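See below for the structure under consideration.
The values are calculated or read from the model by the stated rules, or taken from the named source; none is laboratory data. This is a predicted model, so every value here is computed, not measured. Note that each Cβ is placed from the backbone with ideal geometry, even for glycine, and that neighbours are counted across all protein chains shown. These accessible areas exclude ligands, DNA and RNA; they are computed on the full protein's heavy atoms, side chains included. Shrake-Rupley method; radii C 1.70, N 1.55, O 1.52, S 1.80 Å.
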Amino acid sequence: MSARRIFARPASFAAIAPYLWMVLFFLVPFGFVLKIALSQTAIAQPPYVPLFDLWGGREATVAAFDQLSIENFKLLISDNLYILSYLRSLTVALVSTAILLLIGYPVAYGMARLPQRWQAIAMMLVIVPFWTSFLIRIYAWINILQHDGLLNTVLLKLHLISAPLVWLSTDTAMYIGIVYSYLPFMILPLFATLAKQDPALLEAAADLGASPWQAFWQVTFPLSLPGVGAGALLCFIPVVGEFVIPDLLAGSNALMIGQTLWLEFFTNKDWPVASAVAVVLLVLLVAPLLLYERLQHRQLEAR
Amino acid sequence: MASRRINRLTPFNVTALALGLAFLYLPIVILVIYSFNASRLVTVWGGWSLRWYYEFFNDRAMMDAAWMSLRVAAVSATIATILGTLAAVALTRGERFKGRMLFSGMLYAPLVMPEVISGLSLLLLFVALDAGRGFWTVTIAHTTLTMCFVTVVVQSRLGAIDRSLEEAAMDLGCDPVRAFLSVTLPLIIPSIAAGWMLAFTLSLDDVVIASFTTGPGSATLPIRIYSEVRLGVKPEINAICTMVIALIAVVITVASFASKLSRAQGENAVPL
């Protein structure tokens, strides 16, 4: 029996504590979301009709099942507000991911072409803002974009505009905020795949008569697709449910689904509808989430 | 050498890189400069001043919130580091146990899960358990989120370690636990430290999950900043943000020393 096998058993026991923690605080809570999404709103504290009484025995459980209602989900379909929110979230996430790719790819490419020693420094420089508070970085943009903020001042001084423009509470501001916050998430996976590429491949392409442009599209880009996929998922999934950025930077005439959930929960105190919104959002994200999990798994396995 | 020719810095590469980095850093630099502005107006430069820092230290509610945030961040980062390290060990060294797929799924999903969903689901759990909301509920919520980041950081380091070292220790008569404690653990300490610091900064940053899971009277610093920011720009917020950035800068410096230490041991893992 190899030493490696002997090591494996106690190592598996290490899983017990984190496993129980994640089941209790990650998996079980989703059960509660589902349960409350299926219950009815009530003016009470907490504001819903309690459903299961686990200690009430079989009859109480059967009675509880009779009470299950899909009213909240019917509401989501019948009211335009929710459908529009979901659509807006998906659109914003798609557009943001596309912009992030357009900006992130050249930066990652530039990093991957740096001498080895500088690559580590450049990588550190990209990671550092990710460590700085996300809220602070959004706030920094409010400083710049507000009516008498830096951007308008500079544009006025340069005589590019004659009157201050409105930047805050617009979609432009929101996209700036999203791209700014998620850029490291896009750059890092791209850089990881680009830096791994063997330069000999490009030499071979050049020897075979390809122009740099052709070599890029026929060699570099196809090989970097796993990084493109990972970066896109890493940005797309959280942006769909984003709350803080649209709330602080975008206008209030069109809400993203995270804002709608927040509104239902904190302002309308309608917990069942907020839970139903969360369930549908989760269902929408399950496919990309599974895809992301697969990618993670394959990457770690390949190591 | 041909590869040097390909690694050459073309004007395009340099421009892309410089613009990208400027985009990432300029807003923060501007924020820091304005925190020292004596004037209340953003456009008017009224000279250097520490006025807004004095104002923060005299703001009782803000100070309370900052203290709450620091405690939550320290406690949750510590629990998350222990649990995350255990999870990383189980995933890289453990045998294929039942439910392993579920385990790794649960550890990766929170990395990208929208915060509104994590926050809402944890709140519903706490309400069902009838737990009083405040310090501990926020701490548990942050632990759940950040332990996943710790797992990823420690796991990448564990995956890079030469396993024959552990085997050698066991051939020399160590039992597995001792082999781990005396051989593996010292090698992964830098990444554990980096994981703790990442967990700490993530906790210090979170608004959404904390808003859901905290109770009345125990707002964290980001919650207070957030509610102030919604009302408009206040120079005092610039000062608070600058101090948070300074704190995080210290943390990063320590972390990069830790990773340099680990690189000195023949490893090129970076924090995250």
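The mean count of C-beta atoms from other chains within 10 Å of the C-beta of residues in B:100-109, rounded to a whole number, is 6. Any idea what diffusion coefficient the protein assembly as shown gets from Stokes-Einstein, in µm²/s, Kirkwood Rh on alpha carbon pairs, 10 °C, 1.306 mPa s? D, rounded to a whole number, is 62 µm²/s.
Accessible surface calculations at 1.4 Å, restricted to protein heavy atoms, place the protein assembly as shown at 45 Å² per residue.
Of the peptides A:181-194, B:226-239, the order by per-residue mean of other Cβ atoms within 10 Å, starting with the highest, comes out as A:181-194, B:226-239. For the residues of B:10-18, the average number of beta carbons from a partner chain within 10 Å of their own beta carbon is 5. For the protein assembly as shown, the 222 nm mean residue ellipticity estimated from helices alone, with every DSSP H stretch of n ≥ 4 adding -39500 (n - 2.57) and the total spread over all residues, rounds to -23500 deg cm²/dmol. Remark: mean inter-chain Cβ contacts per residue of A:283-292 equal 2, using a 10 Å Cβ-Cβ cutoff to other protein chain atoms. With K and R counted +1 and D and E -1, the other residues having a Cβ less than 13 Å from that of B:Thr139 yield a net charge of +1. For chain B, the Cβ-based charge dipole about the Cα centre amounts to some 600 debye (Lys, Arg positive; Asp, Glu negative; other atoms uncharged).
To the nearest ten degrees, helix B:115-128 and the longest principal axis of the Cα atoms of chain B are 80 degrees apart.
Quick check on chain B: take the gyration tensor over C-alpha atoms, sort the square-rooted eigenvalues as a ≥ b ≥ c, and tell me if it's rounded (a/c under 1.5), prolate or oblate. Judged from the Cα gyration tensor, chain B comes out oblate (a/c at least 1.5, b/c at or above a/b). Membrane-span-like helices in chain A, defined purely by DSSP H runs whose alpha carbon atoms cover 18 Å or more axially and whose average Kyte-Doolittle hydropathy reaches 0.5, are A:80-112, A:116-131, A:171-196, A:225-240, A:271-302. Taking both sides together, the accessible area buried where A meets B is about 9500 Å² for a 1.4 Å probe. Ordering A:Leu290, A:Leu233, A:Leu156 by accessible surface, largest first, gives A:Leu290, A:Leu156, A:Leu233; the 1.4 Å probe counts only protein heavy atoms, with every chain in place.
Could you work out which residue, out of A:Gln40, A:Gln214, A:Gln146, moves most in a Gaussian network model of chain A, that is, has the largest mean-square fluctuation with Cα springs under 10 Å? Among A:Gln40, A:Gln214, A:Gln146, the largest mean-square fluctuation in the Gaussian network model of chain A belongs to A:Gln214.
In this rough spin-label picture, where each label sits 7 Å from Cα along the Cβ direction, the B:Tyr54-A:Val166 distance is 3.9 nm.
For the Cα atoms of chain B, what angle does the longest principal axis make with the long axis of helix B:100-112, in degrees from 0 to 90, nearest 10? Approximately 20 degrees, to the nearest 10. Residue farthest toward the positive end of the dipole of chain A, with Cβ of Lys/Arg at +1 and Asp/Glu at -1: which of A:Asn143, A:Ile121, A:Val244? The residue sitting farthest along the positive end of the dipole is A:Ile121.
State the answer as a single residue: which of A:Leu255, A:Pro106, A:Pro199 lies farthest towards the positive end of the charge dipole of chain A, with beta carbon charges of +1 for Lys and Arg and -1 for Asp and Glu, about the Cα centre. Projecting each Cα onto the dipole axis, the largest value belongs to A:Pro199.
Please name whichever of B:Val138, B:Ala90, B:Leu26 sits farthest to the positive end of the charge dipole of chain B, dipole taken about the Cα centre and charges placed at Cβ: Lys and Arg +1, Asp and Glu -1. The one lying farthest along the dipole's positive direction is B:Leu26. Cβ-Cβ distance of B:Ala131 and B:Met243, R₀ of 35 Å, FRET efficiency by 1/(1 + (r/R0)^6): the value works out to about 0.65.
Carbon-plus-sulfur accessible fraction, chain A (probe radius 1.4 Å, protein heavy atoms only): 69%. Rounded to the nearest 20 debye, the dipole magnitude of the protein assembly as shown is 1200 debye, with +1 charges on Lys and Arg beta carbons, -1 on Asp and Glu beta carbons, and the Cα centre as origin. Checking the a/c ratio against 1.5 first, then a/b against b/c, what shape does the Cα gyration tensor give for the stretch A:80-302? It is oblate, given that a/c is not under 1.5 and a/b is not larger than b/c. Placing pseudo-labels 7 Å out from each Cα toward the beta carbon at B:Ile33 and A:Asp198 gives an inter-label distance of 4.9 nm.
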